[in-house]
1. Just checking: which of the helices (runs of 4 or more DSSP H) contained wholly in region 219-322 hold 3 or more residues that are within 24 Å of the chain's Cα centre (by Cα)?
2. So in region 260-282, with the set limited to residues that are crowded, with 18+ Cβ neighbours inside 10 Å and β-branched (Val, Ile, Thr), which one is farthest from LYS24 (Cα to Cα)?
3. Could you grab me the full set of residues in region 2-25 that are open to solvent by 10 Å² or more (accessible area, probe 1.4 Å) and of a type in the set (S, T, N, Q)?
4. Looking only at region 191-219, count how many residues are closer than 22 Å to GLY163 by Cβ and touching a Lys or Arg at 6+ places or on another chain (Cβ under 8 Å).
5. Take the residues in region 214-231 that are crowded, with 18+ Cβ neighbours inside 10 Å and touching a Phe, Trp or Tyr at 6+ places or on another chain (Cβ under 6 Å); name whichever of them is nearest to ASP23 (Cα to Cα).
6. Going residue by residue through region 232-246, is there one that turns out to be in contact with a Phe, Trp or Tyr (Cβ under 6 Å, 6 or more places away or on another chain), under 29 Å from ALA322 (Cβ atoms) and open to solvent by less than 10 Å² (accessible area, probe 1.4 Å)?
Amino acid sequence: MLNLGPHQLKNPIFLAPMVGVSDKPFREICEQNGAGLTVAEMLTSNTELWDNKKNKLKRVRPSLSGPNVVQIAGSDPIMMAQAAKLNAEWGADIIDINMGCPAKKVLKKAAGSALLKDIKLVKSIVKAVVDSVGIPVTLKIRTGWCPSTRNGVDVAKIAEDCGVSLLTVHGRTRQCRFKGSAEYETIAKIKQSVKIPIIANGDIDSPQKARQVLEYTKADGLMIGRASLGKPWIFDQIRQYILFGIKKSDPVMAEKFRIMENHVKEIQTFYGEVKGVWYSRKHIARYVENFKNSKEFLRTFNEETEGPAQIDRLRSYFANLARDNEAEFA
């Protein structure tokens, strides 16, 4: 088991901090389905922007049995330290520093993975954040800025020296964005170079792939991102396979419906009548993308403008799926 300061984690399978995805409802759903730790979507270190509605929602503490991890992004050590300190005062259990985001709007501010081009600034930021709080600090990076300048090992050593408690590494450079395949050789080298826990991230989309990555990198855990969209039960499937060798099937349709219904209701409650309906659409699209008649269902689901009507559409769709299944096996 992994420990982060006073926190003993249930398992080493984490939810990645995906912008626009890893919000309060999704983090809660993923923990309920086996995630050992969930990281909040990236929050700017510019505290002047925290009063807008979007950033206020990012700072709402989710109902979790495990620690609440707040991820901050920025390029100014003083601002990053201040953001970390305020979040710790407001109830964050762990602060995560973002040095992995490849988004252009983040890079324009020399934040995210852009920091990997400036080792001195990396050290200044990490040290400032660690020194500003009395709670564990973690760091998320990519393997480097581009394939010819993979400096993940150097960054990992700096992180360890500055007191970072855990390091997550995405197996691509910033230049790679999400194209091609993740490489795990650099993650394996990082694991060999430091003593702090290393979490491997990138293209882990099945229990079998999870085991392969762990065996190759010798990492202490895994972080799952895009593969969890529409499939939050992947955390428990990976956990069961890694820890016990059990190949756990997807939930039955009735259980999938329960998870989806709860998720949609939480989204609608959290974001309100209008945005709750909007955000439900993208999640449901991922849940049902491989289901029978999903395109026709999504067309009608997306036409609904009220939360209760969305729930009714979802129930009706699953009722039809159940009847079709009965007919197929009759």
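1. Working: elements: 234-244, 253-287, 294-303.
Filter on region 219-322 gives 234-244, 253-287.
2. It comes out as VAL277.
3. ASN3, GLN8, listed by residue number.
4. Residues in region 191-219 being closer than 22 Å to GLY163 by Cβ and touching a Lys or Arg at 6+ places or on another chain (Cβ under 8 Å): 7 in total.
5. Restricting to residues being crowded, with 18+ Cβ neighbours inside 10 Å and touching a Phe, Trp or Tyr at 6+ places or on another chain (Cβ under 6 Å), the top hit is GLY230.
6. Narrowing region 232-246 to residues in contact with a Phe, Trp or Tyr (Cβ under 6 Å, 6 or more places away or on another chain): none.
Within region 232-246, not a single residue is in contact with a Phe, Trp or Tyr (Cβ under 6 Å, 6 or more places away or on another chain), under 29 Å from ALA322 (Cβ atoms) and open to solvent by less than 10 Å² (accessible area, probe 1.4 Å).
To keep it simple, each residue is scored yes or no on (1) in contact (Cβ under 8 Å) with a residue 24 or more places away in the chain; (2) in contact with an Asp or Glu (Cβ under 7 Å, 6 or more places away or on another chain).
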{"site": "THR38", "(1), (2)": "yes, yes"}
{"site": "LYS53", "(1), (2)": "no, no"}
{"site": "LYS58", "(1), (2)": "yes, yes"}
{"site": "GLY74", "(1), (2)": "yes, no"}
{"site": "PRO77", "(1), (2)": "yes, no"}
{"site": "GLN82", "(1), (2)": "yes, no"}
{"site": "ALA88", "(1), (2)": "yes, no"}
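The values are calculated or read from the model by the stated rules, or taken from the named source; none is laboratory data. A quick note: this is a predicted structure, and the numbers were derived from the prediction, not measured. All Cβ positions, glycine included, derive from the backbone under ideal geometry; neighbour counts span all protein chains shown. SASA here: full protein model, heavy atoms, side chains in, ligands and nucleic acids out. Shrake-Rupley method; radii C 1.70, N 1.55, O 1.52, S 1.80 Å.
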